[in-house]
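Everything below concerns the one structure shown next.
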Amino acid sequence: MATGIFNKLRRSSTGKLPADFQRILDLMQGNIHNQPDEDLLFRAYEFAKTAHQGQMRKSGEPYFTHCVAVATILAEMHLDSTTIAAALMHDVVEDTGFTVEDVEASFGKDVAQLVDGVTKLSDIKFRSEEDKQAVNFRKMLLSVAEDIRTIIIKFADRLHNMQTIDSLPDVKARRIARETRDVYAPLAHRLGMYRLRSEMEDLVFKVLEPKAYQELSKSVPKRQSEFEAYIKNFLVPVRERIEAAGIKVEYHSRFKNYHSIHRKMVDQKRPLKDIYDIFAIRIIVEKLEDCYSVLGFVHSFYPPIQSRFKDFIATPKANGYQSLHTTVVSTGGRPVEVQIRTAEMDQTAEEGVAAHWRYKENNTDGGKRHRDDLDAHVSWLRNLVDILQNEDSTTSHQFMDMLKIDLYKNEIFVFTPKGDVRILPVGATPLDFAFDIHSQVGLHCIGAKVNGKIIPLNTHLKSGDSLEIITSDHQTPNVAWLKYVNTSKAKTIIRKWAKKQEFDHSVKLGQDILERELRRLRLSKEAKNIRHSFTDMGYESEEKMLAAIGAGHRTITSLLNKLYPDLSFTPPKVQKDPNESFFRRARKNTKGVAIAGIDNMMISFGKCCNPIPGDPIIGFITRGRGVTVHRADCDTVGPNLSEKERLIEVQWGNEKNQTFLVRLKVMAQDRKHFIRDITERISSFDVNIESLQMKAEEDLVIGLIVLEVDGVRQLEKIRNRIQMVDGVMSVDRE
Ligand code: MN
């Protein structure tokens, strides 16, 4: 057992724990409500140390020093043992051979989940400098990290990396600094972690504007000592008054960080010596009511500037910040800012969300209460976001985009193989992802891997999924994909592709028709002439003209007649299949066939069942020839069909009150007045008879009746009525 190792080591040679480990424990002791779990922590310490054995940082130090440093930062913030154990092991999964399962086996689910969360966050790279990407990244951080402690560990990790950034090459250092500025610092601000944000900002400033930073690091300390003397004088009367009232307080003078001072100098276009509001006096009291007493004392000596007074105790800031702020006029007319708050408010102000663990951790009930805490935390975060949306200060405006975090709501965040983040709507599939990457990736997509495993293209993706799209040059989309995609981008591209496909098909067909017709007319040498005179024919391009021929909108003879108005060309007399012409006529009545919402795709009609408008129909996706439309009850697409996934829903593009042509084949025994009887029956329905042909064979009569009906139901009624006519043997749809 690991506990055994711990005891053994503890008793070993000197009987002392390693100094860096002892320091973590000592810092944690500062929180009397949350005693460190020494066993857990030491096992984590040993585990990480062994796992990173032999690895070095860029600085030449053992890698493990980084792990200890991150844990130490968190111990200073009084985070709980679970978090600090996870912090010690935060790079184990990322950088060593151990897996999350290994961590879970030795340290349990809570620790393992935190390590896993931090590892996931580390997978994400933030490349683009676009602000949009930064906003997305922050949103993603929040959504991927189910446990806010994951982000806190990540903050500590980032802080230490920034503290030791000098050993990195300049380009890389600047990239990390920008990422810290755009992503981590604003998020720390949002989570109320003032101290962390402030330190990050200065480290960023140092990397990105080294000259300005150097200058300030020389001049600010001088100015600070000047101010300190001033503050001391300022406080003399206040101090006496507070002591007389018997209120216990602590005084701190608080200077703005270099980054903020620099910004003030730039904004106010003034040198450092002319800037006064770079510090604040902070008075920390024990009890809430003392805050207001002390405020009164300060105001009794120095007149407050009314507009600068803020009571964040009565109305806390959205990130939980509470304090009284007042700016008073001191000797010489200088403004001095005084902040008054309790010790607890001070901790919340400095540590923000991290301060939460200072008072609340309790592991004695198997972690249940702990989980409740986390739930409370997530809702806290949600509330925070809600409140932020109502806040109307300028600062919050800058973060407006971030405030709009639809926490876990309508968006998911998935990763490219390179770790870039893509935002997709809930319900998005690998195809949506592929089209989001690039239209060509989508159009040639043949499969997808999620987290290394091949999945069907219609799988709904989840936040945190890491996707790889498999493409092939030979792959082309098919219209069935429209069922699998949920983004308008993907739909648009597929539809566009289908249109283009149809167009290309028409062009090719047009070319064939042109050549064949000219050959028939023995005018083959006219081909060039016709092709070149597309403008005269009224087309924007040769292709468009050919497409018009292919689609049957233009005949070759009409082109020739236009080209040679003096000559006269006659269209060929074709032997038309009379059946075919009926179907064509019948189908012409409608607006064609709509496939999953697209009109007039490349379609053909099954010769097996000859569907006509009004029939329930279904589409079958052919290889390369678009969609074949069958009657829904056609045997071809019936239960024996092996490739069910190639079926697609289709509808007639009907308008309301549309009528349809149908043809009935009637077989009957020949007799007198048969035709009269039939027509009488039909006319009782108030439908048009388009044509009626009767052919007698021996003593049978075969009739073909073309009717204009308003739907399949009316047709059925008519059929039944004809069926009852004397002598009729069968009435069938054709
Ligand atoms: Mn790290």
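I'd like to verify a number: residues in segment 496-520 that are among the aromatic types (F, W, Y) and either in the same structural domain as I603 (by TED's automatic domain parsing) or in contact with a Pro (Cβ under 9 Å, 6 or more places away or on another chain) (or both), how many?
Going through segment 496-520 one residue at a time, the tally reaches 1.
Could you grab me the full set of residues in segment 154-169 that are open to solvent by 40 Å² or more (accessible area, probe 1.4 Å) and within 10 Å of the ligand (Cβ to nearest atom)? Listed by number, the list holds a single entry, N161. If you go through segment 211-270 and pick out every residue that is exposed (fewer than 14 other Cβ atoms within 10 Å of the Cβ) and farther than 25 Å from A185 by Cβ, you end up with 15. Scanning segment 549-558 for residues that are free of Cβ contacts under 8 Å to residues at least 40 places away in the same chain and closer than 18 Å to K508 by Cα gives G552, H553, R554, T555. Contact annotation: residue pairs with Cβ atoms under 6 Å, 6 or more positions apart or on different chains, pairing a residue in segment 341-361 that is farther than 21 Å from P36 by Cβ and in the same structural domain as R282 (by TED's automatic domain parsing) with a partner that is assigned to a helix (DSSP H, G or I) and at pLDDT below 70, are T348/A355.
Restricting segment 423-447 to residues that are assigned to a strand (DSSP E or B) and in contact with a Leu (Cβ under 8 Å, 6 or more places away or on another chain), the residue that is nearest to W497 (Cα to Cα) is C445.
On the stretch given as segment 302-336, residues that are open to solvent by less than 60 Å² (accessible area, probe 1.4 Å), among the β-branched types (V, I, T) and closer than 21 Å to I231 by Cα total 6.
This table checks each residue for (1) open to solvent by 20 Å² or more (accessible area, probe 1.4 Å); (2) within 16 Å of the ligand (Cβ to nearest atom).
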position: Q22; (1), (2): yes, no
position: D26; (1), (2): yes, no
position: L41; (1), (2): no, no
position: A44; (1), (2): no, yes
position: G60; (1), (2): yes, no
position: H66; (1), (2): no, yes
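If you go through segment 68-80 and keep only what is open to solvent by 10 Å² or more (accessible area, probe 1.4 Å) and away from the ligand (no atom under 12 Å from the Cβ), you end up with T72, E76, M77, H78.
The rows are residues; the columns are (1) aliphatic (A, V, I, L, M); (2) open to solvent by 50 Å² or more (accessible area, probe 1.4 Å); (3) closer than 30 Å to I437 by Cα.
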residue	(1), (2), (3)
Y484	no, yes, yes
F503	no, yes, yes
S524	no, yes, no
S533	no, no, no
E543	no, yes, no
L560	yes, no, no
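Among the candidates I648, I702, the residue that is closer than 27 Å to F605 by Cβ and touching a helix residue (DSSP H, G or I) at 6+ places or on another chain (Cβ under 6 Å) is uniquely I648. Only a single criterion out of (1) modelled with pLDDT of 90 or more; (2) part of a loop (DSSP other than H, G, I, E, B); (3) open to solvent by less than 70 Å² (accessible area, probe 1.4 Å) is not satisfied by F98, namely (3).
So, in segment 481-515, how many residues would count as being of a type in the set (G, A, S) and within 14 Å of K544 (Cβ to Cβ)? I'd like the intermediate steps shown before the answer.
The first filter runs over segment 481-515 and keeps only residues of a type in the set (G, A, S), leaving 488, 490, 498, 506, 510.
Imposing the further condition that a residue be within 14 Å of K544 (Cβ to Cβ) reduces the set to 506, 510.
Of the residues in segment 481-515, 2 are of a type in the set (G, A, S) and within 14 Å of K544 (Cβ to Cβ).
As an exercise: evaluate R282 against (1) in contact with a Cys (Cβ under 7 Å, 6 or more places away or on another chain); (2) in contact (Cβ under 8 Å) with a residue 60 or more places away in the chain and give the number of the one condition it does not meet. The failed condition is (1). Evaluated against (1) open to solvent by less than 20 Å² (accessible area, probe 1.4 Å); (2) in contact with an Asp or Glu (Cβ under 9 Å, 6 or more places away or on another chain), G352 falls short on exactly one condition, (2). Note on segment 626-645: among residues that are under 35 Å from the mean Cα position of the chain (by Cα) and surrounded by fewer than 19 Cβ atoms within 10 Å (Cβ to Cβ), the one that is nearest to V712 (Cα to Cα) is K644.
The values are calculated or read from the model by the stated rules, or taken from the named source; none is laboratory data. Here the structure is a predicted model, which is why all the values come from computation and not from measurement. All Cβ positions, even for glycine, are placed from backbone atoms using ideal geometry, and neighbour counts span all protein chains on display. Quick note on the areas: whole protein, heavy atoms, side chains included, nothing else; ligands and nucleic acids left out. Shrake-Rupley method; radii C 1.70, N 1.55, O 1.52, S 1.80 Å.
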